[in-house]
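> The structure that follows is given in the form of structure tokens.
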Amino acid sequence: MAEHTEDHDHEQAHYVKIWGILLVLLIISVLGPVVAPHLEFGFLKAWMITLMTAFGIAIVKAYLVAANFMHLNVEKKYISYMLATMLMFMLLFFAGTSPDVMKHKGQNWENVAAEAEIERALAEQGEASHGEHGAEHEAGH
Amino acid sequence: MSMTKPIATTRSATGIPTGKLAVWWVIGSEIVIFGGLLASYIMHRLGHPQWAEYASHTNAWFGGTNTFVLLTSSLFAVLAHHAAEQGDGKTAAKWLWATCAGGAIFAGIKAVEWTIEIQHGYTITANGFWSFYYTAAGLHALHVIAGCIIMLIIANDARKGIELHRVELIGIYWHFVDIVWIFLFPLLYIAK
């Protein structure tokens, strides 16, 4: 019985430990964009560091939750294969549709509406930021 | 009691209990639902440079706090499962209520966040980014609310020591909802 209680405590401590790691990872992902510009060197740009702290850490967090809290590490392989198949479907759908959304022209086609909207929105944002800077400038002096 | 159960509840070709297998298949289909939504968000975000400015108005503190709340509620859910495994229905029910409280806090924070954003004119029709923002986070929030309702029903049974295996099932679903948020958080709040 004593052994049983010990196992019980051990498992609870394991879950709390995983939760602690998840919180540390959360803090790193929040701080990522703040510290990234200071860590730049050579080919390693700030946006790459932010991508790593945002999505690299998200993948690690998801793995920790799936393996330890959902017990995927001790679940029958059938489940992992099924989940992996669904993820493959997702990638397939992405691959099938993304060229139409991410590109705005090809050899024989052009998405005039999308290009016009990007141009309009960027021009509007440019004006707005000029306006803001102007206002800040005036307020500052 | 077991005599009244349908055959499908007790037989298992995979060696996995039927209820658990069903939850995993629900999650499998949810991966395609949320995965499709997030994948189309990513392709639109990459294909439209003006979205960077739209996305810069989300508040990472709201998102970060909600991530903390959901991660903590996931810990409570797995502790509920642990208690149920020991046959302790009362403790399992208490952890499930705590998990549910986490879900309620999450929804409350979301309500405050959305109210502030809508007051600033960032509505679902403001532009493509905000349409995705409310659709993705809204679909996720619906899953949180649905999970909470199911969890309260299961907690009520667990308290009486009935169907304790269901504590694990709702836990698996809850962790999945947590994982969806783990990806929504950097997509909507961090990678600006």
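> Quick check: anything in region A:3-12 touching a residue at least 24 places away in the same chain (Cβ under 8 Å) and either of a type in the set (A, V, I, L, M, F, W, C) or within 7 Å of another protein chain (Cβ to nearest Cβ) (or both)? Talk me through it step by step, then tell me what you get.
In the first step, residues of region A:3-12 are kept if they are touching a residue at least 24 places away in the same chain (Cβ under 8 Å); the result is none.
No, that holds for no residue.
> Has region A:63-79 got at least one residue that is more than 30 Å from B:His165 (Cβ to Cβ) and in contact with a helix residue (DSSP H, G or I) (Cβ under 7 Å, 6 or more places away or on another chain)? Lay out the reasoning, then the answer.
Quick first cut of region A:63-79, residues more than 30 Å from B:His165 (Cβ to Cβ) only: none.
The answer is no, given that none of the residues of region A:63-79 is more than 30 Å from B:His165 (Cβ to Cβ) and in contact with a helix residue (DSSP H, G or I) (Cβ under 7 Å, 6 or more places away or on another chain).
> Can you find even one residue in region B:133-153 that is without any contact (Cβ under 8 Å) to a residue 12 or more places away in the chain, surrounded by fewer than 20 Cβ atoms within 10 Å (Cβ to Cβ) and closer than 30 Å to B:Gln50 by Cβ? Let's see the steps before the verdict.
To start, the set of residues in region B:133-153 that are without any contact (Cβ under 8 Å) to a residue 12 or more places away in the chain comprises B:138, B:142, B:146, B:149, B:153.
Add one more test, that the residue is surrounded by fewer than 20 Cβ atoms within 10 Å (Cβ to Cβ), and what stays is B:138, B:142, B:146, B:149, B:153.
If we keep only those that are closer than 30 Å to B:Gln50 by Cβ as well, we get B:138, B:142.
Checked region B:133-153: at least one residue is without any contact (Cβ under 8 Å) to a residue 12 or more places away in the chain, surrounded by fewer than 20 Cβ atoms within 10 Å (Cβ to Cβ) and closer than 30 Å to B:Gln50 by Cβ.
> Still on this model: I'm checking my understanding of the structure. Among residues of region B:49-64 that are under 20 Å from the mean Cα position of the chain (by Cα) and among the hydrophobic types (A, V, I, L, M, F, W, C), which one is nearest to A:Ala58 (Cα to Cα)?
B:Ala60
> Give me a count of the residues in region B:143-154 that are over 12 Å from the mean Cα position of the chain (by Cα) and farther than 10 Å from B:Cys100 by Cα.
Selection size over region B:143-154: 2.
> In this structure, does A:Tyr63 turn out to be modelled with pLDDT of 90 or more, among the hydroxyl-bearing types (Ser, Thr, Tyr) and loosely packed, with under 13 Cβ neighbours inside 10 Å? Quick ask: steps written out before the conclusion?
Values: modelled with pLDDT of 90 or more: yes; among the hydroxyl-bearing types (Ser, Thr, Tyr): yes; loosely packed, with under 13 Cβ neighbours inside 10 Å: no.
Here the answer is no, as A:Tyr63 does not meet what is asked.
> Criterion first (at pLDDT below 90 and assigned to a helix (DSSP H, G or I)) does A:Glu138 satisfy it?
yes
> Test of understanding: among B:Asn156, B:Asn127, which residue is out of contact with any helix residue (DSSP H, G or I) (no Cβ under 7 Å at 6 or more places or on another chain) and farther than 22 Å from B:Gly64 by Cα?
Values: B:Asn127 fails: out of contact with any helix residue (DSSP H, G or I) (no Cβ under 7 Å at 6 or more places or on another chain).
None of the others qualify; the one that does is B:Asn156.
> Turning to a different aspect of this structure: Of all residues in region B:124-141, how many are under 16 Å from the mean Cα position of the chain (by Cα) and assigned to a loop (DSSP other than H, G, I, E, B)?
Adding up the residues that qualify gives 0.
> Being touching a strand residue (DSSP E or B) at 6+ places or on another chain (Cβ under 8 Å) and on the phi < 0 side of the Ramachandran plot narrows it down to one residue among A:Glu115, A:Glu75, A:Glu119; which is it? Step through it out loud before you land on a result.
Working: A:Glu75 fails: touching a strand residue (DSSP E or B) at 6+ places or on another chain (Cβ under 8 Å); A:Glu119 fails: touching a strand residue (DSSP E or B) at 6+ places or on another chain (Cβ under 8 Å).
Of the residues listed, the single one that is touching a strand residue (DSSP E or B) at 6+ places or on another chain (Cβ under 8 Å) and on the phi < 0 side of the Ramachandran plot is A:Glu115.
> How about region A:56-84: which of its residues are more than 21 Å from the chain's Cα centre (by Cα), more than 16 Å from B:Val23 (Cα to Cα) and either among the hydrophobic types (A, V, I, L, M, F, W, C) or facing chain B (nearest Cβ under 9 Å) (or both)?
A:Val74
> If we scan region B:58-76, do we find a residue that is within 11 Å of another protein chain (Cβ to nearest Cβ), over 20 Å from B:Ala126 (Cβ atoms), out of contact with any helix residue (DSSP H, G or I) (no Cβ under 7 Å at 6 or more places or on another chain) and in a helix (DSSP H, G or I)?
There is at least one residue in region B:58-76 that is within 11 Å of another protein chain (Cβ to nearest Cβ), over 20 Å from B:Ala126 (Cβ atoms), out of contact with any helix residue (DSSP H, G or I) (no Cβ under 7 Å at 6 or more places or on another chain) and in a helix (DSSP H, G or I).
> All but one of (1) within 14 Å of chain A (Cβ to nearest Cβ); (2) buried (at least 18 other Cβ atoms within 10 Å of the Cβ) hold for B:Ala93; which doesn't?
It fails just one condition, (1).
The values are calculated or read from the model by the stated rules, or taken from the named source; none is laboratory data. Computed from a predicted structure; not experimentally measured. As a convention, Cβ positions derive from the backbone with ideal geometry for all residues, glycine included, and neighbour counts pool all protein chains shown.
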